[in-house]
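Q: I am attaching a structure below and will ask some questions about it afterwards.
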Amino acid sequence: MNVDISGAKVFFTIPIDFPVLGKIQISETIVVSWLVMLIITGLCIWLTHDLKVENISKRQAVAEMLVEMANKFVIGNMGEKFRYFIPFVAALFATSLVSNLISLVGLRSPTADLSTEAAWAVIVFILITREKIKAGGVGGYLKGFTQPIPLLTPFNILSELATPISMACRHFGNILSGIVINGLIYAALAVASSAILGLIPGLVGDVLAQIPILDVGIPAILSVYFDWFTGVMQAFIFCMLTTMYIANAAEG
Amino acid sequence: MDVQELVGIVPWTFIATICNLFIQIYLIKRFLFKPINAMLEKRKSLADAQIREAEQAKNEAQAMKSEYEQNMLEAKNKASEIVASAQKTAAVQSEQMLAEASAQAAAMKAKAESDIAQEKRKAVNEIKNEIGGMAVEIAGKVIEREISEEDHTKLIDEFISNVGEAS
């Protein structure tokens, strides 16, 4: 039994060594994330071509529903003054969702790479900090760390940093665990089917034992949870936390 | 083929993801939110315009209705005025006619009466003269000169006026 669960493959390396950052590696994550962007943008263009004011098509109804849902989600969680966050949250949700679900067609999810979630979490962290400074000024923001007593300052800094880290790791962990469990199940079912079919005597058994017959069907059922449910849930949770944290930060 | 770490942050992937997210925000804004919001705005303005038009039409209809009602009221008043004046005129006219008729009748009656009186007087005078003459003649024949003609006439006149009054 040979189970190989590894990080993203590197397709191409640009041989220029930048200080600190290292060589540019065009990895599976980057290529698939481009594909994700293409899918989302293509979908948007397809949904919004040929818009009509009256007598709308089903396609347009779906597009309008998506826009309304995004509006309602952001304004419901954050309030009317954060209207300009709608495209940000929508892009975050769409990218996360499509990245999670793209594993259904056998590609490696960009969200199965911690770099992706870390990037998103850092952006969210910057936005949270910006809102906090906007609400209380730089002094108020820094003073907030010494509340309620100065002794707690290290813990406050820790909890501040824990926000993006926990967001990134939660999302990453869920997607990665799906991949790991899927890999284990495929390998285990292959072993099981070869063991069962190997019981058939003679040449027939030897040939059939090479075909992992149990790998057909059973992983699909499990993928309903590990790909569909987890993928949708994590995208939703990430966006929910983003809106909540930013709205809370603005309240001061 | 090289493989990156399973759990780790690759700086260039990190940077690329940040860039990708911002590009994605722009794309989703440009290709989903902008056209849909523009369309929704257009639909809203269209609906608003329709509501405004309907309201305007309603106001116009109301104005027309009140105008029509006023006209009707005026017409009705005018009609009743005309009827009233006609009635008044008719009454006046009929009264006038009646008065005229009665005046005419009275005049006719008065004239007839005066005619009758005149005729009567004439007749009486004639008869008086005749009878007077006759009586004088008769009396002259009966008593010859005992009574002068003057006394005679006086006596007869007296008698006749008594007859005239009695008749």
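Q: Test of understanding: among B:Lys29, B:Lys44, which residue is assigned to a helix (DSSP H, G or I) and more than 7 Å from chain A (Cβ to nearest Cβ)? If you could, list the steps in order and put the result at the bottom.
A: Values: B:Lys29 fails: more than 7 Å from chain A (Cβ to nearest Cβ).
After applying the criteria, what remains is B:Lys44.
Q: Pick from the stretch A:111-131 the residues that are without any contact (Cβ under 8 Å) to a residue 40 or more places away in the chain and at the interface with another protein chain (Cβ under 7 Å from one of its Cβ atoms): which of them is nearest to the chain's Cα centre (by Cα)?
A: Per the stated criteria, the residue is A:Ala119.
Q: Can you pull out every residue in the stretch B:3-22 that is assigned to a helix (DSSP H, G or I) and either closer than 30 Å to A:Ile5 by Cβ or within 7 Å of chain A (Cβ to nearest Cβ) (or both)?
A: Once the filter is applied, which keeps residues that are assigned to a helix (DSSP H, G or I) and either closer than 30 Å to A:Ile5 by Cβ or within 7 Å of chain A (Cβ to nearest Cβ) (or both), the stretch B:3-22 yields B:Pro11, B:Trp12, B:Thr13, B:Phe14, B:Ile15, B:Ala16, B:Thr17, B:Ile18, B:Cys19, B:Asn20, B:Leu21.
Q: Same structure, new question: Does the stretch A:191-227 hold any residues that are in contact (Cβ under 8 Å) with a residue 60 or more places away in the chain and within 24 Å of A:Val105 (Cβ to Cβ), and which are they?
A: Correct list: A:Ser223, A:Asp227.
Q: For A:Glu54, work out the one condition from (1) facing chain B (nearest Cβ under 7 Å); (2) exposed (fewer than 12 other Cβ atoms within 10 Å of the Cβ) it doesn't fulfil.
A: (1)
Q: Turning to a different aspect of this structure: Please enumerate the residues belonging to the stretch A:164-186 that are over 30 Å from A:Ile128 (Cα atoms) and touching a helix residue (DSSP H, G or I) at 6+ places or on another chain (Cβ under 9 Å).
A: Correct list: A:Ile179, A:Ile181, A:Asn182, A:Ile185, A:Tyr186.
Q: Among the numbered conditions (1) surrounded by 11 or more Cβ atoms within 10 Å (Cβ to Cβ); (2) in a helix (DSSP H, G or I); (3) of a type outside the set (Asp, Glu), tell me where B:Gln70 comes up short.
A: (1)
Q: Can you work out which of the residues in the stretch A:6-41 that are more than 9 Å from chain B (Cβ to nearest Cβ) and without any contact (Cβ under 8 Å) to a residue 12 or more places away in the chain is nearest to A:Arg108 (Cα to Cα)?
A: The qualifying residue nearest to A:Arg108 (Cα to Cα) is A:Leu38.
Q: Another one. Determine, yes or no, whether A:Val89 is within 14 Å of chain B (Cβ to nearest Cβ), in contact with a Ser or Thr (Cβ under 7 Å, 6 or more places away or on another chain) and either crowded, with 22+ Cβ neighbours inside 10 Å or touching a residue at least 40 places away in the same chain (Cβ under 8 Å) (or both).
A: Details: within 14 Å of chain B (Cβ to nearest Cβ): yes; in contact with a Ser or Thr (Cβ under 7 Å, 6 or more places away or on another chain): yes; either crowded, with 22+ Cβ neighbours inside 10 Å or touching a residue at least 40 places away in the same chain (Cβ under 8 Å) (or both): yes.
Yes, satisfied.
Q: If you go through the stretch A:57-72, how many residues are away from chain B (no Cβ under 11 Å) and in contact with a helix residue (DSSP H, G or I) (Cβ under 7 Å, 6 or more places away or on another chain)?
A: Matching residues across the stretch A:57-72 total 1.
Where a number appears in this text, it was derived from the coordinates with a stated rule and is not lab data. Note that the coordinates shown come from a computational prediction; the quantities given were computed from them, not determined experimentally. Here the Cβ is made from the backbone with ideal geometry for all residues, glycine too, and neighbour counts use every protein chain on show.
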